[in-house]
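Enquirer: For reference, the structure I am asking about is given below.
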Amino acid sequence: MKIVIANWKMNVGVRESVALARASLLTLRGRKVIPELVICPPFVALSEVRKVVARSSAAIGAQNLFWEPTGSHTGETSSRQLLELGVSHVIIGHSERRTQLGETDEMVNKKVLQALSEQMTPILCVGESKGEREAGEARAVVETQLATALRGVRLHGNARLLIAYEPVWAIGAGESASVGDVIEMHRFIRSILANLFPDAPAGQMAILYGGSVDGENAYRFLRESEVDGVLVGGASVKINQFKEIVEAAAEVLEAQRPE
Ligand code: PEP
């Protein structure tokens with residue numbers, strides 16, 4: 001399994017999103033095996049992007065949701081509203097929301113529970129800050145984030161859970177984490193998930209890396225069996241970069257195919 005998630009953040013408008021969605025889908029053309037592609041446009045572009053993505057294998061993700069299904073929550077968007085727009089995935093707990101908007105692990109937990117209750121796939125972001133890594137606290141931070149964010153979570157039926165390990169210091173920084181550090185953290189996260197969900201089949205959970213993934217370094221991460229995919233921010237709105245990332249994932253999958 002290799003998953004490529006494009007997080008366009010607030011970087012594109014509606015018209016640009018439509019063009020970018022078309023170009024992103026073209027990157028899948030002519031391949032024998034393709035990665036799972038999840039496109040996460042800004043909210044305002046979801047319905048237009050849906051029209052482009054319909055009938056393709058790509059899925060649409062939202063960049064956030066609110067934890068209540070309906071009600072007086074000005075400016076918020078519910079999972080039900082997102083489902084109406086064909087959204088199947090949702091990024092939850094991105095570090096930009098944690099640091100810029102004060103999103104806490106408790107809020108993240110409510111959002112994860114809400115997404116799963118509506119059969120949406122959460123893309124739960126976790127990761128340590130530079131200071132926490134330098135203090136040797138990276139594992140402890142990620143463990144706490146996961147323990148709180150996944151409190152009360154059950155994976156029923158086909159429910160899926162994607163974890164994006166995104167060290168805060170590597171996001172938008174132009175400097176990714178080392179492959180060795182990513183593998184080590186992914187193993188650690190996998191062991192936590194195995195404890196929390198001992199009965200969940202392997203394919204139900206995936207661990208992705210995010211943080212300055214680009215066309216140049218994507219293959220180095222994707223070829224590792226510990227890395228089930230990548231969450232891409234900046235390079236996902238640069239179509240040449242994004243094409244290289246999708247190609248790297250496809251190459252890895254092709255190499256894994258039985259003769
Ligand atoms: C992100 O926004 O989740 C991200 C990983 O951004 P970038 O690829 O720009 O570091």
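The values are calculated or read from the model by the stated rules, or taken from the named source; none is laboratory data. Since the model is a prediction, treat every value here as computed from it, not as a measurement. Here the Cβ is made from the backbone with ideal geometry for all residues, glycine too, and neighbour counts use every protein chain on show. Ligands, DNA and RNA are stripped out before the accessible areas are found, and what is left, the full protein with its side chains, is counted by its heavy atoms. Shrake-Rupley method; radii C 1.70, N 1.55, O 1.52, S 1.80 Å.
Enquirer: On the phi < 0 side of the Ramachandran plot, within 16 Å of the ligand (Cβ to nearest atom), open to solvent by less than 60 Å² (accessible area, probe 1.4 Å) and in contact with a Ser or Thr (Cβ under 7 Å, 6 or more places away or on another chain): which single residue out of 89, 94 fits that description? Give the steps one after another, and end with the answer.
Expert: Numbers: 94 fails: in contact with a Ser or Thr (Cβ under 7 Å, 6 or more places away or on another chain).
Result: 89 is the single residue among 89, 94 that is on the phi < 0 side of the Ramachandran plot, within 16 Å of the ligand (Cβ to nearest atom), open to solvent by less than 60 Å² (accessible area, probe 1.4 Å) and in contact with a Ser or Thr (Cβ under 7 Å, 6 or more places away or on another chain).
Enquirer: Give, as residue ranges, the helices (runs of 4 or more DSSP H) completely inside region 127-228 that count at least 1 residues that are open to solvent by less than 30 Å² (accessible area, probe 1.4 Å) and touching a helix residue (DSSP H, G or I) at 6+ places or on another chain (Cβ under 6 Å). Before you say what the answer is, go through the steps one by one.
Expert: Numbers: elements: 130-134, 138-149, 179-196, 218-222.
Output list reads 138-149, 179-196, 218-222.
Enquirer: Residue by residue through region 101-125, note down the ones that are open to solvent by 20 Å² or more (accessible area, probe 1.4 Å), touching a helix residue (DSSP H, G or I) at 6+ places or on another chain (Cβ under 6 Å) and among the charged types (D, E, K, R).
Expert: Within region 101-125, 105, 118 qualify.
Enquirer: Could you look through region 185-239, keep only residues that are polar (S, T, N, Q) and either more than 15 Å from the ligand (Cβ to nearest atom) or free of Cβ contacts under 8 Å to residues at least 24 places away in the same chain (or both), and pick out the one that is nearest to residue 155 (Cα to Cα)?
Expert: Restricting attention to region 185-239, the residues satisfying the condition of being polar (S, T, N, Q) are 191, 195, 204, 212, 217, 225, 236.
If we keep only those that are either more than 15 Å from the ligand (Cβ to nearest atom) or free of Cβ contacts under 8 Å to residues at least 24 places away in the same chain (or both) as well, we get 191, 195, 204, 225.
Working: 191: 16, 195: 13, 204: 8, 225: 23 Å.
If we take residues in region 185-239 being polar (S, T, N, Q) and either more than 15 Å from the ligand (Cβ to nearest atom) or free of Cβ contacts under 8 Å to residues at least 24 places away in the same chain (or both), then 204 is nearest to residue 155 (Cα to Cα).
Enquirer: Would you pick out the residues in region 125-168 that are farther than 22 Å from residue 226 by Cβ and of a type in the set (S, T, N, Q)?
Expert: 129, 148, 158
Enquirer: Give the residues of region 3-31 that are within 12 Å of the ligand (Cβ to nearest atom) and either buried (at least 20 other Cβ atoms within 10 Å of the Cβ) or in contact (Cβ under 8 Å) with a residue 60 or more places away in the chain (or both), sorted by residue number. Outline the logic, then answer.
Expert: Narrowing region 3-31 to residues within 12 Å of the ligand (Cβ to nearest atom): 4-11.
Across region 3-31, the qualifying residues are 4, 5, 6, 7, 8, 9, 11.
Enquirer: Picking from 108, 112, 142, 168, which residue would you name as being at pLDDT 95 or above, closer than 17 Å to residue 191 by Cβ and under 18 Å from the mean Cα position of the chain (by Cα)? Break it down into steps so the answer makes sense when it comes.
Expert: Details: 108 fails: closer than 17 Å to residue 191 by Cβ; 112 fails: closer than 17 Å to residue 191 by Cβ; 168 fails: closer than 17 Å to residue 191 by Cβ.
Among 108, 112, 142, 168, only 142 is at pLDDT 95 or above, closer than 17 Å to residue 191 by Cβ and under 18 Å from the mean Cα position of the chain (by Cα).
Enquirer: Next question. Say we look at region 115-131 and pick out the residues that are of a type in the set (A, V, I, L, M, F, W, C) and touching a residue at least 60 places away in the same chain (Cβ under 8 Å); which of these is nearest to residue 143 (Cα to Cα)?
Expert: Applying the first criterion (of a type in the set (A, V, I, L, M, F, W, C)) to region 115-131 yields 115-116, 120, 123-126.
Imposing the further condition that a residue be touching a residue at least 60 places away in the same chain (Cβ under 8 Å) reduces the set to 123, 125-126.
Values: 123: 16, 125: 12, 126: 9 Å.
Among residues in region 115-131 that are of a type in the set (A, V, I, L, M, F, W, C) and touching a residue at least 60 places away in the same chain (Cβ under 8 Å), the one nearest to residue 143 (Cα to Cα) is 126.
Enquirer: Within region 47-86, restricting attention to residues that are under 30 Å from residue 30 (Cα atoms) and basic (Lys, Arg), which residue is farthest from the ligand (Cβ to nearest atom)?
Expert: Ranking the qualifying residues of region 47-86, first place goes to 55.
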